[in-house]
Ligand SMILES: [Zn+2]
C-alpha cells in the first residue's frame, strides 16, 4: 500500500481522506469499523502524546493487525510531530505518514527544519524501498482539540499565503501541506468557524497538483464549507475533537445510567459505537466511501 497513491487518487477524483486521531485501542477499533462499513480508506493518527499513551510500537502493531484483518488501506500518521527524535521513533515503529509541524518557527527556520525531515524520510524510503508521506505546515493554526467558547481571533497574517505556499513546497519537497484558511483546532460553542475559500482557491492555483492540501481542525466546521473546501482542492481532513467528545459523553452516560456496572467492555462498547457513528458521518461528507482501493 502506497500512501501517496491513496491521496493521489483522492486528489484526482476530488474527495478527501479523513485523518482520525486515536489514543486508545477501542477508538482505533471504532475508526476501522467505520472505514470497513463504508469501504473507505482512512488515515489513523496519533499526536506525540497520544502515541506515548498507546505506546508508539503498540500503536503501529495494532494498525498492522487491522490492515491484515480488514485488507483496508490504513495510513498510520504522526500528527503534529514537533521534534526530529519523535519522528525517527515513529518511522522505526512503522508509521507511513509524518506531519511535521514547524509552524511555531519563523518562515526560514520552518523551511529548514521541514526540509531536514523530508531529506531524512527520502533516505529511509530509498534504504527500505517504502513510501512515506511527509506533511508540512504553513500559517498559524490556533486552538487545541477541546471545547472552546468563541472561535479564537484569526488574524489575516495567520492565514497561509499563496506565494509563500508555493515557495515552501518547492524548498522543502513535502508531499502534503497543511494550510490555515480560517480553520482552528477544537470546536466552538458560541460562534462558527468560517473558512476563507477564496484564499484556499488562490493557494490551490499557486501550488497546483504538486502537493496534497490538508485541512486541520475538521471538527466543528460546517459540512457545506468542508464540501466546498474539498471541491477547491483539500484531500485530507483532520478530525479529533468530535471523536473525543462522542467518546467522553458516552462513557459519562454509561457510568451515570449503570452505576453498578464494572465490566470495561460493557462500559466502553457504547463509546465505540458513538465514535464509529461520528467517523461514518465525516466519511459521508468527505466522499471517501467506497474508495478503498483494495
Ligand atoms: Zn492539527
- Message: Taking only the Cα atoms of the chain, how large is their convex hull per residue, in Å³?
- Response: 121
- Item | Computed helical MRE - 222 nm, the chain, DSSP H runs ≥ 4 contributing -39500 (n - 2.57), nearest 500 | -16500 deg cm²/dmol
- Message: Compute the helix-to-body angle for 197-207: its Cα long axis versus the longest principal axis of the chain, expressed 0 to 90° and rounded to tens.
- Response: 60
- Spherically averaged projected area in nm², based on the convex hull that wraps the Cα atoms of segment 34-73: 2.8
- Query: If you find the alpha carbon centre of segment 1-26 and of segment 80-114, how far apart are they in angstrom?
  - Reply: 19
- Specify the angular offset, from 0 to 90 degrees and rounded to the nearest 10, of the alpha carbon long axis of helix 3-13 from the longest principal axis of the alpha carbons in the chain. 80
- Residues 80, 185 arranged by fewest to most Cβ contacts within 10 Å: 185, 80
- In which sequence would 83, 2 go, from the one with the fewest C-beta neighbours within 10 Å to the one with the most? 83, 2
- Note on the structure: Expected sort for 241, 114 with the fewest Cβ neighbours (10 Å cutoff) up front is 241, 114
- Query: Give me the log10 of I(q) over I(0) for segment 162-294 at q = 0.16, 0.18, 0.19, 0.21 Å⁻¹, as the Debye formula computes it from C-alpha points; what are the numbers?
  - Reply: -0.86, -1.00, -1.06, -1.19
- Note on the structure: Rounded to the nearest 10, the angle in degrees between the Cα long axis of helix 56-70 and the longest principal axis of the Cα atoms of the chain comes to 80
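Compute the relative contact order of segment 3-286 as a whole-number percentage, counting only Cα pairs closer than 8 Å that sit 6 or more residues apart in sequence.
21
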- Have a look at segment 1-118 and give its Rg and Dmax from the Cα atoms, expressed in angstrom. 14.6, 44
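Rule-based calculations on the coordinates, nothing more; no lab input. None of the values given here were measured: they were computed from a predicted structure. Neighbour counts run over all protein chains shown; Cβ positions are idealised from the backbone, glycine included.
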